[in-house]
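The values are calculated or read from the model by the stated rules, or taken from the named source; none is laboratory data. Quantities reported herein were computed from a predicted structural model and do not represent experimental measurements. Please note: Cβ atoms are built from the backbone with ideal geometry, for glycine as well, and neighbour counts cover all protein chains shown.
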There are 2 protein chains.
Amino acid sequence: MHALKVTRAEDFPEWYQAIVREADLAELSPTRGCMIIKPWGYGIWERIQGELDRRIKAAGCENYYFPMMIPLSFIAKEAEHVDGFAKEMAVVTHHRLKAVDGTLRPDPEAELAEPLILRPTSETIIGDAFSRWIKSYRDLPLMLNQWANIVRWEMRTRMFLRTAEFLWQEGHTAHANQTDAVAETMRALEMYRSFAEEFLALPVVAGEKPENERFPGAVSTFSIEAMMQDGKALQAGTSHYLGTHFAEAQNIRYQDNEGGMTLAHTTSWGVSTRLIGGVIMTHGDDDGLRAPPAIAPRQIVIVPMLRGKPEDVELSAYCAALASDLSALTVFGAPLRAFVDAKDARPADKRWDWVRRGAPIICEIGPRDAAGANVTFIKRNALREGEKVKSHTFSRADFLVQAVALLESTQAELFNEAKARLENNIRDDFASFADLERYFGEDKEGEFKGWARVHWSRPTGAALDAVGERLKALKLTIRNAPLTQPSAFRPCIFSGKPGVEEILIARAY
Amino acid sequence: MHALKVTRAEDFPEWYQAIVREADLAELSPTRGCMIIKPWGYGIWERIQGELDRRIKAAGCENYYFPMMIPLSFIAKEAEHVDGFAKEMAVVTHHRLKAVDGTLRPDPEAELAEPLILRPTSETIIGDAFSRWIKSYRDLPLMLNQWANIVRWEMRTRMFLRTAEFLWQEGHTAHANQTDAVAETMRALEMYRSFAEEFLALPVVAGEKPENERFPGAVSTFSIEAMMQDGKALQAGTSHYLGTHFAEAQNIRYQDNEGGMTLAHTTSWGVSTRLIGGVIMTHGDDDGLRAPPAIAPRQIVIVPMLRGKPEDVELSAYCAALASDLSALTVFGAPLRAFVDAKDARPADKRWDWVRRGAPIICEIGPRDAAGANVTFIKRNALREGEKVKSHTFSRADFLVQAVALLESTQAELFNEAKARLENNIRDDFASFADLERYFGEDKEGEFKGWARVHWSRPTGAALDAVGERLKALKLTIRNAPLTQPSAFRPCIFSGKPGVEEILIARAY
C-alpha cells in the first residue's frame, strides 16, 4: 500500500536504508565505509551550504581552505585530542606506487619520513596557523570557517549518519578572553538551532554536553539534539569552547594592551552531511522522504501525462509555461525551484519517483488540465486521505497565486509535526533510577520510547563514569543539559543528592 | 616606488611569490607541498565555483560526491592511466595510530588489506559507478560533475600552480556513441573558453593537445592555453574524449535499440584552483593583483579617512550609506559587492593593502568628501599616471550612476590588455627549426619570448618523441593545435615534410 517496501513500524533501520536508496539520495561505494552522494542528496547539501554559509559570513567569519593531510606530529600535540581521535584515523605513509611482480604496491622507497593523517577535524593545523597569524590584540577575534571533507575510520557504517568520509563545515575562532570565546560558542550554537528549526524544519534542544561527552580537548561542548521518529536522539551540530588548551599546545599568544603575551581562547563548531540523515528520520514517511521545501532541490515538480499522441505538444508547452511562471516567484528568499520532468518514462512511475524523493508539490498535468487551464497536484506532506492518494485541482491562476503559500505551509506543517513529536515524547515522571530502568529496560525491539528529562547532581570523574555505565546498560546516554533550566530541582535520580541541573537522557545515533 | 618589493621585470618567479603573499591570497602550509588558501584567494575561488557551477548545471550535468579514497585495484584497471598517475599518488595504508614507546606510529595491526589511493582524478571510481548505473540507452547521456579536493604528489611546489593538494571540478559523462561524446568534449572546452574570457578576463587559445601530452587513457585531449606576462603558457583547463578505454576497463555497457550490449563512450573535463595562478600572472602588476571585477570578492572598497576625532562619526555614516547604496546595484548579473574597511589601522596602510589585493575600485573618503557629497577613488587597473597614483573625484550621485560602468570597463580593459599581449606575441615567422633554435636558444634568464606558431606533419610515436626531445632542449613544449586552423600549411618545421596542422609552441608552467 505504500511506496517503500518496508514501513517505519516494521523495521525502522531497514526503512532508513530503503529511503536513502529509493529517494536516490546516496549509495554505498566500493570504498569500504564511504558513500556516493547522488544529486537529490547532494542538492539538499548544496541548499544547506548556501544558507549556512550566508549565516556564517554574516557573523563575520571568512572562508579559508587548509590542507586535508596533517603531519602526525601536529595531532600528537594536544594529549586529550590524540586520545579522542587516534583510534580512527586514516594514515598516509607512501607517496608512490610500484609494480612488483606485476602487482601495484606502495613503493618502499617512497615511504614518508613523517606519516600524514587525513583530517578527522582541523583544530591542530588551524591552531598552528593561528599561532603564526595572531600577534597582537588587534588581530583578535580571528574568525574563520572551512567547508571540507573529513575522514574518521568507522567500523559500522550508516549512510549520512556514520561514514568513513563525510562533508562538513568547521568554524574555528580565536579570542582575547574567555568571555568573548564563550559568547562565540553560544552564538554558533544559536545559529545552528535557528538554522535547523527555520531551514530544515528540525526542532532541536540546545544544551551543554556532560563532561564525558565533550569534544577531545574542549572545556565545554554544546550540542543541538533532534528527536527521530523512532524516539532516538540525533546530535545534529556541536559548538565547543576550547579554553586555552589548544592555545597552550600550539602557542597561540597575543600581545595584550599592556604589552604582555597572553594565551588566546579558541572555539570550534561544526555541522555535517549527517544533517541529511536527521532530515530523513524526522520527515520521512512510509512513502519516502518529505523534503522540507526550503532545502528541496526541486520544490514543485510537474509531470506531464504524455501519451505519445499529437496533443503531447500542447501539453508540454502548457507545462513549460507553468514552470516558467512558477520560477519567477520568490520563496524562502530565493527563486522558486520548479521543474518539468520530461523524461521518457511512464507518468505514473515518474509520479512515484517524486513521491519517494519527497518533492514538496507534485503536479500531474493531463490534456484536460491543459485545456481547462487547471493544475492538478499532490501536496507531498499530506499525501493520503486514509489509504488513498489525495490530489487537488486549482485553476492555473489560483495555483500561481497559492504556490508560495503552499510551500510555506508545507514547511510549517513539517516543523509543527516534528515539534509536537519532540514535545510530547520527553517524559519527566521518573522519580528514581528504578523508574527509568523499568521504562527503558522493558522495551521490545524497536519500540518507541522517546527521551527522559531528569535532574541530577552533576557528578564528575569516576562518579560520572559510574552513571555512564548504569545508563549504558539501558543503552542510554546523556544528550545534553538544555540551556533553559528550571528554577528548582528534584533530587539527583542517580544518587539522591540535591539536584543541580536538568538533563536529557535518550538512546541515540 | 611600487607596492611590491620585487617587480615583474626584476624577477618574475619572485614577483609571483610576492604577490601571492602580499595580496594575502595563500601561504605555504606546514604540510609539505600544500597551501593554505586565505579569504581573498578563496573568495576568488568561490566566484569561480558559483559561475562555473551555473554553466555546468545549465548544460544538464548534476552534482555528485564520490569517495576521495579509491581502492588500489581500481587505479590498476586502466593500464595507461596507471602509468600516468602511479608515480605521484598518496597512499593510505593504515587506519589507526598506536603509541609505541611514547611515540605515535601507524598501528601495525591496523594495516589495510588493500591500500587506498587519494584521488589524483576520479575516472576509475566514477567509471565503476557508471557500470552499475548504465543499463540501457535510456540511461544515456549520463552527465555528472563533482567539486572536490585532489592529491598529486609534486616535488616542486608553486602556489596555486602546482601543489600536492588542490581544489577542482571534474565533469564525467557517458554517451551512446563517439559523436555524442566528442560533442560533449567540445561543449566543455567551449564552456571553459568562454568562462575564462568573459569571467576571468583571461584570453585563451582552445585546441587539441598532441598525442604525447594527452591525459593518461584519453583518445584526445583538448586544452585552453593562456599567455602569462613572462610569455609562458599556462594550461588553464582540459577536456578529454576517453573513447571506450575506460568503458572497456570498467565494463560500462548499455543495451542499445536492438537489444545488443554496446560500450559507452566517456568524457572528462576539469579546471582547478590553478586558474587563480593564471589570473595573478595575467593581471598582476608591480603594485599587486588587479582582480577582474567579476571575480573580485570585494568590488568597491571604501576606506574612511578616520582620525580619531568627533567628525569620524559622520564620516563613518557617510561611508556606510554609500556602501549600502552601491550594494543595491547589480553588476555581472549579481549584487554589487561593496565593503567599508573600518579596521583599526592607518588609512594609508589600508589603501595599500587593497591596492596589493587588487580591489577594482578603492574609495578614500575624507571629511571634506563627506561634507561635499563627493567620492574620491582609485581605479585599480589604471592606478598610476607616470609614477604618481591617480585618483578621481566624482559627486556621490555621479559615482553611483557610474559605478557599474566603472566595473564593467575595468573588466573589459583587463581583458583587452591581455588579449593584445596574446595576439602580439605569437610569432609565426619561423621558416625552419634552426630559426626556432636561434630565437629560443639565445634568451637571457627570464627574457620575454612569447609563443611560436608553426606548421608540422603531425608525427606520432617515436617520431613525435624525437620532436619532443628537440623542443625540450630549448625548454619548449607543444601547447596545442588551435581549433581554428589555416586553409593551407607550410612545410613541417621539424621534418620538412608537407605540413598538415598548425601548432603552438611555448615555454609553459
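Checking each residue of the stretch B:337-345 against the condition of being touching a strand residue (DSSP E or B) at 6+ places or on another chain (Cβ under 8 Å), within 14 Å of chain A (Cβ to nearest Cβ) and of a type in the set (D, E) gives at least one match. Taken over the stretch B:1-56, the criterion of being among the hydrophobic types (A, V, I, L, M, F, W, C), farther than 19 Å from A:A129 by Cβ and buried (at least 16 other Cβ atoms within 10 Å of the Cβ) is satisfied by B:A3, B:L4, B:V6, B:F12, B:W15, B:A18, B:I19, B:I44, B:I48, B:L52, B:I56. Please determine whether any residue of the stretch A:100-117 is over 26 Å from B:F85 (Cβ atoms) and touching a residue at least 40 places away in the same chain (Cβ under 8 Å). Checking the stretch A:100-117: not a single residue is over 26 Å from B:F85 (Cβ atoms) and touching a residue at least 40 places away in the same chain (Cβ under 8 Å).
Consider the stretch B:202-232 and keep the residues that are small (G, A, S) and within 12 Å of the chain's Cα centre (by Cα). The one that is nearest to B:G446 (Cα to Cα) is B:A226. For the criterion of being on the phi < 0 side of the Ramachandran plot, away from chain B (no Cβ under 14 Å) and loosely packed, with under 13 Cβ neighbours inside 10 Å, A:E417 fails.
Under the condition of being part of a loop (DSSP other than H, G, I, E, B), buried (at least 18 other Cβ atoms within 10 Å of the Cβ) and of a type in the set (A, V, I, L, M), the residues counted in the stretch A:475-509 number 2.
The set of residues in the stretch A:209-231 being surrounded by fewer than 21 Cβ atoms within 10 Å (Cβ to Cβ), at negative phi and in contact with a Phe, Trp or Tyr (Cβ under 8 Å, 6 or more places away or on another chain) consists of A:P216, A:V219, A:S220, A:Q229, A:D230. Restricting attention to the stretch B:40-49, which residues are touching a residue at least 12 places away in the same chain (Cβ under 8 Å) and either out of contact with any Pro (no Cβ under 9 Å at 6 or more places or on another chain) or within 10 Å of another protein chain (Cβ to nearest Cβ) (or both)? Matches in the stretch B:40-49: B:W40, B:G41, B:G43, B:W45, B:E46, B:I48, B:Q49. When we screen A:I56, A:I37 for residues that are under 24 Å from A:I276 (Cα atoms), more than 8 Å from chain B (Cβ to nearest Cβ) and among the hydrophobic types (A, V, I, L, M, F, W, C), the only hit is A:I56. Suppose the filter is modelled with pLDDT under 90, under 24 Å from B:C34 (Cβ atoms) and outside the structural domain of A:V355 (by TED's automatic domain parsing); does A:E78 pass it? Yes: the conditions hold for A:E78. The number of residues in the stretch A:334-354 that are part of a helix (DSSP H, G or I) and either touching a Pro at 6+ places or on another chain (Cβ under 8 Å) or of a type outside the set (D, E, K, R) (or both) comes to 4. Number of residues in the stretch B:373-414 that are surrounded by 17 or more Cβ atoms within 10 Å (Cβ to Cβ) and either charged (D, E, K, R) or outside the structural domain of B:L326 (by TED's automatic domain parsing) (or both): the value is 3.
Taking the criterion of being touching a His at 6+ places or on another chain (Cβ under 9 Å) and polar (S, T, N, Q), the residues of the stretch B:77-123 that qualify are B:T93, B:T121, B:S122. Take the residues in the stretch A:123-133 that are touching a residue at least 60 places away in the same chain (Cβ under 8 Å) and buried (at least 22 other Cβ atoms within 10 Å of the Cβ); name whichever of them is farthest from the other protein chains (Cβ to nearest Cβ). Restricting to residues being touching a residue at least 60 places away in the same chain (Cβ under 8 Å) and buried (at least 22 other Cβ atoms within 10 Å of the Cβ), the top hit is A:E123. If you go through the stretch A:279-328 and keep only what is of a type outside the set (A, V, I, L, M, F, W, C) and assigned to a helix (DSSP H, G or I), you end up with A:T282, A:H283, A:D312, A:E314, A:S316, A:Y318, A:S324, A:D325, A:S327.
When each of A:A90, A:A99, A:A79, A:A110 is tested for being over 30 Å from B:S73 (Cα atoms) and small (G, A, S), the lone residue that passes is A:A79. When the stretch B:83-117 is filtered for residues that are crowded, with 19+ Cβ neighbours inside 10 Å, facing another protein chain (nearest Cβ under 7 Å) and within 30 Å of B:R214 (Cβ to Cβ), the ones remaining, listed by number, are B:A86, B:M89, B:A90, B:V91, B:V92, B:P115, B:L116.
What number of residues in the stretch A:118-140 are in a strand (DSSP E or B) and in contact with a Phe, Trp or Tyr (Cβ under 8 Å, 6 or more places away or on another chain)?
Total satisfying the criteria: 1.
Candidates are the residues of the stretch A:464-509 that are among the hydroxyl-bearing types (S, T, Y) and in contact (Cβ under 8 Å) with a residue 60 or more places away in the chain; the one that is farthest from A:E211 (Cα to Cα) is A:Y509. Residue count for the stretch B:144-178 under the criterion of being surrounded by fewer than 18 Cβ atoms within 10 Å (Cβ to Cβ) and over 24 Å from A:Q146 (Cα atoms): the result is 4. Taking each residue of the stretch A:360-380 that is on the phi > 0 side of the Ramachandran plot and looking for partners that are surrounded by fewer than 24 Cβ atoms within 10 Å (Cβ to Cβ) with beta-carbon atoms closer than 6 Å, six or more apart or interchain, yields A:A373/A:R396.
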